[in-house]
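The values are calculated or read from the model by the stated rules, or taken from the named source; none is laboratory data. Keep in mind that what you see is a predicted model, and the values were worked out from it rather than measured. Glycine gets a Cβ as well: all are built from the backbone with ideal geometry, and neighbour counts include every protein chain shown. Side chains included, ligands, DNA and RNA excluded: accessible areas come from the protein's heavy atoms. Shrake-Rupley method; radii C 1.70, N 1.55, O 1.52, S 1.80 Å.
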Amino acid sequence: MRHYRIALAGNPNTGKSTLFNELTGLRQHTGNWPGKTVLHAEGSFSYQGNSYTLIDLPGTYSLFSNSADEEVARDYIIFEKPDATIVVLDATSLERNMNLALQVLEMTEQVIICINLMDEARKIGIQIDEKKIASRLGVPVIKMAARNGEGIDLLLKTLHQLVTGKISPQPLTIQYSKEIEEKIDELIPHIQNLIGNSYPTRWIALRLLDGDESFVQLLKEKYSKGKLQFNPIRFPSKHAN
Amino acid sequence: MVADSKGAFPLCDAQIGDSVRITQLCIEGAMRLRLLDLGFIPGAIIKVLQKSPLGDPMAFRVSQTTIALRKEESSQILVEKLGDE
Amino acid sequence: MVDSIEKLIQYSQSLRKPNIRDEIVTQIYQTTRSICQDSVIYPKTETNRSEKLDQILTSPIWGFPIMFAMLGVVIYLTIWGANVPSEALANLFGIGENYLTAAFQALGAPSWLHGLLVLGLYRGTSWVVSVMLPPMAIFFPMFALLENFGYLPRVAFNMDRLFKSSGAHGKQALTMAMGFGCNAAAIISTRIIESPRERMLAILTNNFVPCNGRWPTLILLASLFMAAGFATGVQSIVTTLVVMGIVLLGIMVTLLVSWILSKTALKGIPTRYTLELPPYRQPKFLNTIFRATVDKSLFVLKRAIIVAAPAGLITWILANIMIGEQSILQHITLFLDPFGKALGLDGFILMAFILGLPANEIVMPILLMGYLATGAMTEVDNMVELKKIFVDHGWTWLTALNMMLFSLLHYPCGTTIFTIYKETKSVKWTILSAVIPTAIAITVTFITAHVVRGLGLV
Ligand SMILES: Nc1nc2c(ncn2[C@@H]2O[C@H](COP(=O)(O)OP(=O)(O)OP(=O)(O)O)[C@@H](O)[C@H]2O)c(=O)[nH]1
Ligand SMILES: [Mg+2]
């Protein structure tokens, strides 16, 4: 029996807490307005002999640390390194929602995408080809309606396969302009040299270029406390495929 | 659909029901970043939905979601009109 | 050579260029757009139901009237629906008490023990349960339905301008809505407000929204004293209007206090924010009702047991230990009486509010226990009897009005004060969060009492 930690990320109001409640049997506050989950909540469940701790992160529009919530969510994914991150998307506004998924894919490859609120999407006639999305994103994509329990079984099965290594994700790498890519390539060796490969180097390079002050500060602190030891493999730095 | 702009104007001056295209964001700092996250990016098409009963804020359709902005923000987003499509 | 993190940061600074974020975000958006274009089929004619609904629910003409109407309907149904189950519960507890008393007598238990356990503890708890539970079990499912439907963000959208001009954050409307349930929980929900200044405003004023523990007091007093003169059919409506008036007054005080604070101790201009209006979603009717009812009932029962039971006990003890001719309770109330009278209240009421600090739910039961010569509550299973107790102690509609005002405006309950301390980590602001409302409560009731008496209205 093994233990895994799973984080729930996503835009506000996409049904993360509903899914959390569904999986853990707990009763986090849910309701149709953005920003209900303000406290870090944890719950647990077991599946096929393994136990899981689920972390309900606050909903965020991005993970660029524009706000305290976003920092909490980002720091969790980067520094606590959950065994998998479930990104919950709203099927009725996939375009905006998927941005966050792409940002998570830049940070970790252990990702499952849940397209939630499928019942609402069907009601207004939106059709989604999740296989195509999965092949583009390179990680499992599951359609669900958490409130009705739809898709939960498949999620659990996929989660099991992901954490036990039966699925190996090939996440999409976003290509930026030639100029940015060159700068990223310049920075990556230095980052690897300093802190090894245990953190997503391409993502760190982007944050450095972006001048994300709060993250750079944190990186400095953690580094000086010796928390970022050289710790090879696990996050192979991703280059363009 | 490129050259038909009659010049850029602030989003807050758009009429209810209009569809407009963002040409420029004149906001800096955290608000700019938040607006970018929400889909208020140059080139994006915005539909003006309605005003609050007290006149401000205004609700906009952007990137398949509805977002309300106060005049302080919407006056700093420059847009151009789209023809009736 | 980049051999330290400082150098890495310096080096990356040299590579930076302005607004690189725009480029990053735009690139991400383009990628998602291309993925969605490939794999999502949107309906050809987009009929957006939410937009249509918003044109009514947030329209210039109907936005506010609908908001008031919703508030009114929810309060009305609560008042109307709670009557019968409240009386049924009270009767049930009355029967239970008879059995308990018989059991005590059969066992030959001393009368002080019977007084302590049955007249103090049991009655205190059963009163809270029978008066609190039914309205809460009706109010909160309705509230949860509105919340799951998606109405709360529309309230924030409608009222934004009011909050902005009082210097507060627009999301304060959402934290206030949480306050209807429980002020302590609402204090935690103010975390959605990023700016510390505006978060403090939201924390300091949240108390002006009547919570769970105060609704029943407001409803009870409004129906006993304000609606009594009206025909049976319209009584619930009158009660509703009075309670609504109290809620609206609370909102006005919130805006006013926010305005004053943001011009003085918490100077600053409102920060910028964006408000998402999610599409309306049809709630899962039965599920939502069931959950809200069960959750709220458990909440009320828990409070009743951990706060009301000990309070009943303590009140009974205070009322039965004599110092000289009078009980401790009487000493306290006599001491408080002159001040209470100046506020249009009396010593008993003030004592009930003071002993009720742990939880607003217990203010009423303590008051009733205090009024009864024996020091225990009578079995009050009908409204006429209840009103008689008040009237016998010199109550008029002014006393009822001022008690409602005091209940709305006074210091937050113990749990809330503790939560405020935990969230602000500041002794100063925690104290102010109790002092400001109390000062307002005293001022308002004092003025009301003197104006009403001065005009000879009572
Ligand atoms: N129709 C439908 N509604 C759903 C589904 N999942 C969640 N909801 C509703 O969507 C609303 C938001 O759900 P939450 O679970 O509170 O969302 P969240 O992501 O935790 O939100 P934040 O904590 O505010 O970020 C609630 O009213 C849910 O009842 C679903 O699959 N179908
Ligand atoms: Mg949540």
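What number of residues within region C:130-158 are more than 16 Å from ligand 1 (Cβ to nearest atom) and either at pLDDT 95 or above or within 17 Å of the chain's Cα centre (by Cα) (or both)?
11
With the condition being open to solvent by 10 Å² or more (accessible area, probe 1.4 Å) and among the hydroxyl-bearing types (Ser, Thr, Tyr), I'd like the strands (runs of 3 or more DSSP E) fully within region B:15-75 carrying at least 1 qualifying residues.
Strands (runs of 3 or more DSSP E) meeting the threshold: B:19-25, B:65-69.
Residue check: is C:Pro60 open to solvent by less than 40 Å² (accessible area, probe 1.4 Å), without any contact (Cβ under 8 Å) to a residue 60 or more places away in the chain and under 30 Å from C:Ala156 (Cα atoms)?
It is false that C:Pro60 is open to solvent by less than 40 Å² (accessible area, probe 1.4 Å), without any contact (Cβ under 8 Å) to a residue 60 or more places away in the chain and under 30 Å from C:Ala156 (Cα atoms).
Here is a yes/no grid of residues against (1) surrounded by 20 or more Cβ atoms within 10 Å (Cβ to Cβ); (2) touching an Asp or Glu at 6+ places or on another chain (Cβ under 7 Å); (3) among the hydroxyl-bearing types (Ser, Thr, Tyr); (4) within 11 Å of chain C (Cβ to nearest Cβ):
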| residue | (1), (2), (3), (4) |
| --- | --- |
| A:Lys132 | no, yes, no, yes |
| A:Leu154 | no, no, no, no |
| A:Thr158 | yes, no, yes, no |
| A:Pro169 | no, yes, no, no |
| A:Glu181 | no, no, no, yes |
| A:Pro200 | yes, yes, no, no |
| A:Leu208 | yes, no, no, yes |
| A:Gly211 | no, no, no, yes |
| A:Tyr223 | no, no, yes, yes |
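Limited to region A:109-127, what total is found for residues that are under 26 Å from A:Phe64 (Cβ atoms), open to solvent by 10 Å² or more (accessible area, probe 1.4 Å) and in contact with a Ser or Thr (Cβ under 7 Å, 6 or more places away or on another chain)?
Final tally of qualifying residues: 2.
Mind checking which residues of region A:35-50 are open to solvent by 30 Å² or more (accessible area, probe 1.4 Å) and within 7 Å of ligand 1 (Cβ to nearest atom)?
Residue satisfying the conditions is A:Lys36 alone.
Quick one: how many residues across region C:332-373 are free of Cβ contacts under 8 Å to residues at least 24 places away in the same chain and either under 14 Å from C:Leu221 (Cβ atoms) or of a type outside the set (A, V, I, L, M) (or both)?
Going through region C:332-373 one residue at a time, the tally reaches 10.
Where the second residue is assigned to a loop (DSSP other than H, G, I, E, B) and within 9 Å of ligand 2 (Cβ to nearest atom) and the first is over 18 Å from A:Asn97 (Cβ atoms) and open to solvent by less than 30 Å² (accessible area, probe 1.4 Å) and lies in region A:15-34, which pairs have Cβ atoms under 8 Å and are six or more apart or on separate chains?
A:Asn21/A:Gln28; A:Asn21/A:Thr30
When region C:257-277 is examined, which residues are found to be farther than 26 Å from C:Glu51 by Cα and within 14 Å of chain B (Cβ to nearest Cβ)?
C:Ile269, C:Pro270, C:Thr271
Do you know which residues across region A:1-11 are out of contact with any helix residue (DSSP H, G or I) (no Cβ under 7 Å at 6 or more places or on another chain) and either within 13 Å of ligand 2 (Cβ to nearest atom) or not in a strand (DSSP E or B) (or both)?
Across region A:1-11, the qualifying residues are A:Met1, A:Arg2.
Mind checking which pairs have a first residue in region C:278-302 that is facing another protein chain (nearest Cβ under 10 Å) and assigned to a helix (DSSP H, G or I) and a second that is open to solvent by less than 50 Å² (accessible area, probe 1.4 Å) and within 16 Å of ligand 1 (Cβ to nearest atom), Cβ under 7 Å, 6 or more apart or different chains?
Taking only residues 6 or more apart or on different chains, the pairs are C:Thr288/C:Pro141; C:Thr288/C:Ala144; C:Thr288/C:Leu145; C:Thr288/C:Asn148.
Checking the structure you have, find out if any residue of region A:12-34 is assigned to a strand (DSSP E or B) and either within 15 Å of ligand 1 (Cβ to nearest atom) or more than 10 Å from every other protein chain (Cβ to nearest Cβ) (or both).
No, there is no match, as no residue in region A:12-34 is assigned to a strand (DSSP E or B) and either within 15 Å of ligand 1 (Cβ to nearest atom) or more than 10 Å from every other protein chain (Cβ to nearest Cβ) (or both).
Do any residues in region C:104-115 that are more than 14 Å from C:Ile321 (Cα to Cα) have Cβ atoms under 6 Å from those of residues that are modelled with pLDDT of 90 or more, where the two are at least six apart or on different chains, and which pairs are they?
Close Cβ pairs satisfying both conditions: C:His114/C:Phe104.
If you go through region A:54-81 one residue at a time, how many are at pLDDT 90 or above, open to solvent by less than 10 Å² (accessible area, probe 1.4 Å), more than 13 Å from ligand 2 (Cβ to nearest atom) and assigned to a loop (DSSP other than H, G, I, E, B)?
Result for region A:54-81: 2.
Just to be sure, is C:Val84 among the hydrophobic types (A, V, I, L, M, F, W, C) and surrounded by 14 or more Cβ atoms within 10 Å (Cβ to Cβ)?
It is false that C:Val84 is among the hydrophobic types (A, V, I, L, M, F, W, C) and surrounded by 14 or more Cβ atoms within 10 Å (Cβ to Cβ).
What are the residues in region C:254-272 that are β-branched (Val, Ile, Thr) and without any contact (Cβ under 8 Å) to a residue 24 or more places away in the chain, if any?
Passing the criteria: C:Ile260, C:Thr264.
Answer with yes or no whether C:Lys52 is of a type in the set (Lys, Arg) and in a loop (DSSP other than H, G, I, E, B).
no
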